[in-house]
């Protein structure tokens, strides 16, 4: 079976998380981290403006996200974001006690990565004792107790490669719910490309439609299998993440795990994590493509070329979206085929790609203008 010729396949398996972070020596930190940690602690005073768990969580996520974004914008090695989270907690717990640092740790407790929860709680408790003489508000402790209700909806863009997952969450004692959006790009290896909190589902859906057009209404998710792209999103740092994604780097993972728990409580289970680089059968796509080609042009294309193209198209992609075509997906496949160095099949695969794109666009029922658009992208 053909395999990806140019890029080494990435595993979709989630990386292991530390069960209990241990203290590290400053010298063990990458060059960018000490300054980033200092920035977070220096700017933590902004958290004193927060008046609710939601505001505290938002401000904390933004504070950390600013430093993550600064780190990837520079030429930095050691982009270990879990290590950074751990180092900030340790620095806040060991610094001169200040109320804003206690708030920082409360906010970080609300978005802590898997395996870090008890570590952060212990640091919160330690700092609370150091601030014994200060009167601290009770509400920040609610930030870490946010729960998912288990209500989930989905939306897709017109191409079918951009998935929006909307889930409701609430804080203890608060009857109002908020909606957290996970935006997953499934053009190739599924990855988080957007996230954020909205006041309501209507607000979240309207924001989605403004970005991607259309009039689609979110559909309730009754089959968790439809969330495979969310489950298998890559946790790799590629270096092109937006500020929005980095603001939600920790929070999205925490919200996902909270959602998973809520669904299990309803007797619903998300699909297991899996690799998209094994057990691929190109005939799933080659057979219908060849039949369409014969009917449309009166002949069948070269079997080897079609098989190679189909295998490359399918590898790393959520199976439910194999027959979806978009400009982004074509950008990925064009780069992959371009990496087939010295392969005699490459010119023929590149020449066939526009026809492949037209077949998929017509098969998906895309408007003719969008079909012509994906064909144009494939022709470049």
Does region 320-332 hold any residues that are surrounded by fewer than 20 Cβ atoms within 10 Å (Cβ to Cβ) and touching a helix residue (DSSP H, G or I) at 6+ places or on another chain (Cβ under 8 Å), and which are they? 320, 322, 323, 327, 331
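Is at least one residue of region 294-306 within 30 Å of the chain's Cα centre (by Cα) and modelled with pLDDT of 95 or more?
Keep residues of region 294-306 that are within 30 Å of the chain's Cα centre (by Cα), which gives none.
Looking through region 294-306, none of the residues is within 30 Å of the chain's Cα centre (by Cα) and modelled with pLDDT of 95 or more.
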Qualifying position, being more than 27 Å from residue 155 (Cβ to Cβ), in contact (Cβ under 8 Å) with a residue 12 or more places away in the chain and under 17 Å from the mean Cα position of the chain (by Cα), among 239, 229: 239
Across region 17-35, the tally of residues that are in a helix (DSSP H, G or I) and either modelled with pLDDT under 95 or on the phi > 0 side of the Ramachandran plot (or both) stands at 3
Quick check on my filter: what residues within region 67-87 are in contact (Cβ under 8 Å) with a residue 40 or more places away in the chain and either part of a loop (DSSP other than H, G, I, E, B) or under 12 Å from residue 244 (Cα atoms) (or both)? 68, 69, 74, 76, 77, 78, 79, 80
Filter region 172-194 down to residues that are outside any strand (DSSP E or B), in contact (Cβ under 8 Å) with a residue 40 or more places away in the chain and in contact with a helix residue (DSSP H, G or I) (Cβ under 6 Å, 6 or more places away or on another chain), then give me how many there are. 4
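Residue by residue, here is whether (1) touching a helix residue (DSSP H, G or I) at 6+ places or on another chain (Cβ under 7 Å); (2) outside the structural domain of residue 232 (by TED's automatic domain parsing); (3) at pLDDT below 95 holds:
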{"residue": "7", "(1), (2), (3)": "yes, yes, yes"}
{"residue": "37", "(1), (2), (3)": "yes, yes, no"}
{"residue": "46", "(1), (2), (3)": "yes, yes, no"}
{"residue": "57", "(1), (2), (3)": "yes, yes, no"}
{"residue": "90", "(1), (2), (3)": "no, yes, no"}
{"residue": "102", "(1), (2), (3)": "yes, yes, no"}
Those residues that are more than 14 Å from residue 68 (Cα to Cα) and touching a strand residue (DSSP E or B) at 6+ places or on another chain (Cβ under 6 Å), I need them from region 228-250; list them, please. 229, 230, 233, 234
Only one of these is touching a residue at least 40 places away in the same chain (Cβ under 8 Å), under 17 Å from the mean Cα position of the chain (by Cα), surrounded by fewer than 19 Cβ atoms within 10 Å (Cβ to Cβ) and outside the structural domain of residue 56 (by TED's automatic domain parsing): 152, 197. Name it. 197
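The values are calculated or read from the model by the stated rules, or taken from the named source; none is laboratory data. Bear in mind that the values here come from a model prediction, so they are computed numbers and not experimental data. As a convention, Cβ positions derive from the backbone with ideal geometry for all residues, glycine included, and neighbour counts pool all protein chains shown.
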